[in-house]
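The values are calculated or read from the model by the stated rules, or taken from the named source; none is laboratory data. Keep in mind it's a predicted model, so treat the numbers as computed, not measured. Virtual Cβ from ideal backbone geometry, glycine too; neighbours counted across all protein chains shown.
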Amino acid sequence: MKRLLLAALLALTANVAGAQEVTLRAVTSFAEKTQFSKNFERFIDRVNETGKGQVKINYIGGPRAMPPFEVGNAVRTKVVDIANVTGAFYTNLMPEADGLKLIGKPMGEQRKNGTWAYINELHNQKLNSQFLARQFHNVPFHIYLNKKPEKMDFTGLKIRVTPVYKDIVEALGGTAITTPPGEVYTALERGVVDGYGWPVTGIFDLGWEKVTKFRLEPAFYAVEVNVLVNLDVWKGLTEAQRKVLNDAALWLEALDVENDAQVKSERDRQTKAGIQPIDFGPAESKKFVDKANEVGWQSVIKRAPESGAKLRSLAGN
Ligand code: 173
């Protein structure tokens with residue numbers, strides 16, 4: 001009888017716990033409604049729809065609410081519960097995050113071959129967070145310029161960077177100046193920089209086409225914008241709540257199929273806006289990509305010898 005009562009009581013508390021809706025506070029490290037926040041915003045809508053009564057995401061917003069380079073630490077310390085942020089913005093806390101741009105395999109594959117699991121482990125340890133999803137693996141970066149170099153060489157050029165581009169810009173003799181995205185327009189307008197690194201998509205969101213003359217070929221690396229959940233929050237969720245988030249994360253990663261068409265249309269749009277490609281031909285382009293990969297990995301491995309090397313072996317490049 002006692003046992004029965006206890007079982008009934010346990011079932012009841014489980015039900016009560018299950019019925020409790022949790023609210024997660026979310027931020028994004030990119031401006032609201034722009035290219036690299038849009039899919040996260042769709043993810044939020046999806047969670048709020050599919051998770052009714054279980055999980056609710058309260059979207060606080062973007063860089064107006066929190067400086068982009070502080071978002072990683074805010075998830076780590078539970079100032080926010082969930083965030084949309086590129087690893088490039090938290091390499092200070094986790095140098096391995098700089099290696100994610102060098103892993104361009106589809107997430108379906110990364111989840112199967114142990115890459116996701118290892119990246120998640122690193123996030124658990126160093127960022128006190130669950131690596132819920134990664135977006136945009138099939139969108140590459142470019143260097144955009146307002147001065148046309150004679151050859152594949154940045155000597156004399158000041159180029160706006162984040163950790164994504166710093167090593168390759170410096171390897172080619174350029175001066176790297178780090179700024180968050182929100183300062184790029186003004187830096188270009190005032191001639192503080194002669195160019196900037198950015199993905200192939202998204203330059204129209206903040207009007208950069210008005211202050212951009214050239215796009216350097218080739219494209220390189222792979223964009224990574226991640227959804228992170230504070231690990232204590234994650235562990236405190238019920239299995240059903242975690243399932244809502246995981247299912248929505250897989251749905252979010254699947255949106256990457258839309259990217260190829262978007263890349264094509266943005267390249268066309270750049271041409272129409274008068275942005276000219278600079279192309280030194282296939283041999284120079286290959287040299288550039290090889291160099292970018294090599295300096296990228298070296299930089300990660302120098303700061304994180306063991307885990308950096310392990311990431312590189314998982315990436316297989
Ligand atoms: O250039 C940047 O600010 C940057 O590092 C980045 C990373 C991912 C997507 C867009 C920009």
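Some points to look at:
- Residues that are touching a residue at least 40 places away in the same chain (Cβ under 8 Å), away from the ligand (no atom under 13 Å from the Cβ) and β-branched (Val, Ile, Thr) do occur in the range 105-115, at least one of them.
- Residue satisfying all of: in the range 1-41; modelled with pLDDT of 95 or more and exposed (fewer than 14 other Cβ atoms within 10 Å of the Cβ); nearest to the ligand (Cβ to nearest atom) among these: 33
- Number of the condition not met by residue 134 [criteria: (1) surrounded by fewer than 23 Cβ atoms within 10 Å (Cβ to Cβ); (2) within 16 Å of the ligand (Cβ to nearest atom)]: (1)
- Residue within the range 97-116 that is among the polar types (S, T, N, Q) and either within 30 Å of residue 208 (Cβ to Cβ) or touching a strand residue (DSSP E or B) at 6+ places or on another chain (Cβ under 6 Å) (or both) present: no
- Taking the numbered list (1) surrounded by fewer than 19 Cβ atoms within 10 Å (Cβ to Cβ); (2) polar (S, T, N, Q); (3) within 9 Å of the ligand (Cβ to nearest atom) in turn, residue 162 passes all entries but (1).
- Residue among 284, 258, 306 that alone is at pLDDT 95 or above, farther than 27 Å from residue 144 by Cα and not in a strand (DSSP E or B): 306
- Of the residues making up the range 234-255, just one is assigned to a helix (DSSP H, G or I), among the hydrophobic types (A, V, I, L, M, F, W, C) and over 22 Å from the mean Cα position of the chain (by Cα), namely 240.
- The number of residues in the range 116-163 being without any contact (Cβ under 8 Å) to a residue 12 or more places away in the chain and assigned to a strand (DSSP E or B) comes to 0.
- The one condition in (1) crowded, with 20+ Cβ neighbours inside 10 Å; (2) touching a strand residue (DSSP E or B) at 6+ places or on another chain (Cβ under 6 Å) that residue 120 fails to fulfil: (1)
- Which listed residue is closer than 24 Å to residue 257 by Cβ and either outside the structural domain of residue 291 (by TED's automatic domain parsing) or part of a loop (DSSP other than H, G, I, E, B) (or both), from 191, 104: 104
- Subset of the range 47-67 [crowded, with 20+ Cβ neighbours inside 10 Å, more than 16 Å from the ligand (Cβ to nearest atom) and within 20 Å of the chain's Cα centre (by Cα)]: 47, 57, 59
- Answer residue from the range 190-215, given it is among the aromatic types (Phe, Trp, Tyr) and buried (at least 17 other Cβ atoms within 10 Å of the Cβ) and is nearest to the ligand (Cβ to nearest atom) among those: 198
- Residue in the range 171-189 that is nearest to residue 284 (Cα to Cα), counting only those that are touching a residue at least 40 places away in the same chain (Cβ under 8 Å) and away from the ligand (no atom under 12 Å from the Cβ): 172
- Restricting attention to the range 252-280, the residues being in contact with a Phe, Trp or Tyr (Cβ under 9 Å, 6 or more places away or on another chain), surrounded by fewer than 16 Cβ atoms within 10 Å (Cβ to Cβ) and not aliphatic (A, V, I, L, M) number 3.
- Test: residue in the range 227-241 that is crowded, with 18+ Cβ neighbours inside 10 Å, within 16 Å of the ligand (Cβ to nearest atom) and in the same structural domain as residue 101 (by TED's automatic domain parsing): yes
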